[in-house]
Amino acid sequence: MMRATIFSYLCLALTATAAAEEGSVWDGVYSEEQTVAGAKLFAEQCLSCHSNKSGQVGGHGPSPSIIGEDFVFRWVDSSVADFYDVIRQTMPQAAPNSLDAQQYADITAYVLKLNNYPAGESPLRIEDYVALQSVWIEAAQ
Ligand code: HEC
């Protein structure tokens, strides 16, 4: 009996800890500084497809836009790690996984910036991958 009670307290404590570690892209999960590298990489590796007719970030032909409503529609309730994985494992389309892990993280940061999510104090780092599995992409507040 006593044992069962202690066990259930432990479970409660664990649940509470896990909940406290959940985050959102509104918390500032990348640094402004890393978006400079991210923007450069995006221009070199991604913009040719993910751009509109005027050459600005958007989409054309088979390439979806990865900003604004299209981004929210596709990615809301996914984690930042999910988004990172799709970019790394499938993009650039002709050469998936051809950049290094941190470069993909910098590109992820830049796409978050393009979608008007705020920068924070610390960069988005590949070392934080596990934590990023509980950082959720949410629609505008
Ligand atoms: C040669 C053209 C091309 C290049 C270059 C390219 N993409 Fe894509 N991208 C596509 C196409 C086509 C799709 C849709 C089909 C698919 O998901 O494979 C896509 C899909 C995506 C998606 C999923 C979008 C969604 O909302 O479903 C993301 C995110 C993405 N690209 C990001 C990038 C990033 C970041 C880069 C640069 C590292 C990049 N792409 C480079 C053509 C390209």
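The values are calculated or read from the model by the stated rules, or taken from the named source; none is laboratory data. From a predicted model like this one, the values you see are computed outputs, not experimental measurements. All Cβ positions, even for glycine, are placed from backbone atoms using ideal geometry, and neighbour counts span all protein chains on display.
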Restricting the first residue to the range 34-46 and requiring it to be under 14 Å from Asp100 (Cβ atoms), which pairs with a second residue that is modelled with pLDDT of 95 or more and more than 13 Å from the ligand (Cβ to nearest atom) meet a Cβ separation below 6 Å and a spacing of at least six or different chains?
Gln34/Pro123
Within the range 98-107, of all residues that are within 10 Å of the ligand (Cβ to nearest atom) and without any contact (Cβ under 8 Å) to a residue 24 or more places away in the chain, the one surrounded by the fewest Cβ atoms within 10 Å (Cβ to Cβ) is Ser98
Condition check: over 11 Å from the mean Cα position of the chain (by Cα) and near the ligand (Cβ under 9 Å from one of its atoms). Does Ser48 satisfy that?
yes
Determine, yes or no, whether Val86 is within 9 Å of the ligand (Cβ to nearest atom), modelled with pLDDT of 95 or more and not polar (S, T, N, Q).
yes
Looking at the range 72-81, which of the residues that are touching a helix residue (DSSP H, G or I) at 6+ places or on another chain (Cβ under 8 Å) and free of Cβ contacts under 8 Å to residues at least 60 places away in the same chain is surrounded by the most Cβ atoms within 10 Å (Cβ to Cβ)?
Val80
Per the filter on the range 69-98, residues in contact with a strand residue (DSSP E or B) (Cβ under 9 Å, 6 or more places away or on another chain) and part of a loop (DSSP other than H, G, I, E, B) are Val76, Asp77, Ser78, Gln93
Quick check on the range 110-128: of everything there that is in a helix (DSSP H, G or I) and either within 11 Å of the ligand (Cβ to nearest atom) or in contact with a strand residue (DSSP E or B) (Cβ under 6 Å, 6 or more places away or on another chain) (or both), which residue is farthest from Cys46 (Cα to Cα)?
Leu114
Of the candidates Gly38, Gly59, the one satisfying the condition of being modelled with pLDDT of 95 or more, within 10 Å of the ligand (Cβ to nearest atom) and surrounded by 15 or more Cβ atoms within 10 Å (Cβ to Cβ) is Gly38
The lone condition Ile66 fails out of (1) in a helix (DSSP H, G or I); (2) within 13 Å of the ligand (Cβ to nearest atom) is (1)
Testing Ala140 on (1) more than 12 Å from the ligand (Cβ to nearest atom); (2) at pLDDT 95 or above, one condition comes back false. Which one is that?
(2)
